[in-house]
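Working notes, beginning with the structure itself.
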Amino acid sequence: MTPNLQQPASRWLNQLGQKLKNVKDESAVMILVGVAVGAFGAGIGAYQLGLEVSNSEPINKDYKEELKEKVKLYELENTNLKLEIEKLKSELGKNASAKIQIPFDGSKIKPNNNILVVKGEAYKGKSPNQHFWLVIRPINSGDWYPNDEIVLKSDGSWEQEIYLADQGQFEINVILTDRIAHNELSKYRDTNKKTNEYRPISLPSNVSILDKAIITTY
């Protein structure tokens with residue numbers, strides 16, 4: 001009996017109860033119970049629900065209503081968990097801000113010995129694990145080059161030098177990271193300093209781009 005994922009879980013459970021009434025073969029009952037457990041996903045709640053269904057022979061009307069309420073409870077717990085995850089994600093960037101002031105977006109610049117000074121300001125939010133990083137990538141490229149963590153002065157201003165080996169268009173980004181992404185970028189930076197090989201990476205998924213400036217060097 002394959003569950004229809006388009007219908008509510010409680011309705012499918014009701015159908016399963018009706019099916020179990022007419023099943024006499026023990027192995028067939030266990031197969032149906034296994035489907036029930038799989039349908040509600042891995043977890044203690046699903047396991048307990050499967051046991052309750054398998055121990056009911058036959059399932060009377062009152063008990064089916066009780067099972068429906070349990071299903072609603074499991075669905076509510078799952079929804080609350082999803083909401084909590086989204087809340088934690090939003091906390092990462094809550095009230096955090098950053099701005100690149102120099103160079104201006106759209107600037108054409110000739111770096112001094114391939115060195116360009118980037119200046120700006122940034123303010124942390126309420127989360128204790130927020131870190132700002134300056135990362136660069138060539139335009140129309142998926143190659144990211146983390147420069148370094150931004151160190152804020154007492155007034156929120158910051159300044160950092162970047163090295164641009166080639167002429168062309170570049171995107172300078174200020175990103176906000178959590179502790180995990182910060183550790184990944186720090187490891188990348190430390191390895192590059194030891195080997196003197198600055199290879200591009202893919203930007204970690206758990207970061208937010210707060211500001212960017214596209215420049216052309218010549």
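Every number here is computed from the coordinates shown, using simple stated rules; none is lab data. Please read all numbers here as calculations on a predicted model, not as lab measurements. Virtual Cβ from ideal backbone geometry, glycine too; neighbours counted across all protein chains shown.
Neighbour counts of C-beta atoms inside 10 Å place Y123, Y188 in the sequence Y123, Y188, starting with the fewest.
Modelled spin labels at R199 and S154, positioned 7 Å past Cα toward Cβ, are 4.3 nm from each other. Compute the orientation-averaged projected area for the stretch 97-217 from the convex hull of its Cα atoms and round it to one decimal in nm². Mean orientational projected area (the stretch 97-217, Cα hull): 7.4 nm². Put in order of Cβ neighbour count within 10 Å, fewest first, the listed residues S208, S141 become S141, S208. Put in line by how crowded their Cβ is, counting other Cβ atoms within 10 Å and starting with the fewest, D155, D148 read D155, D148.
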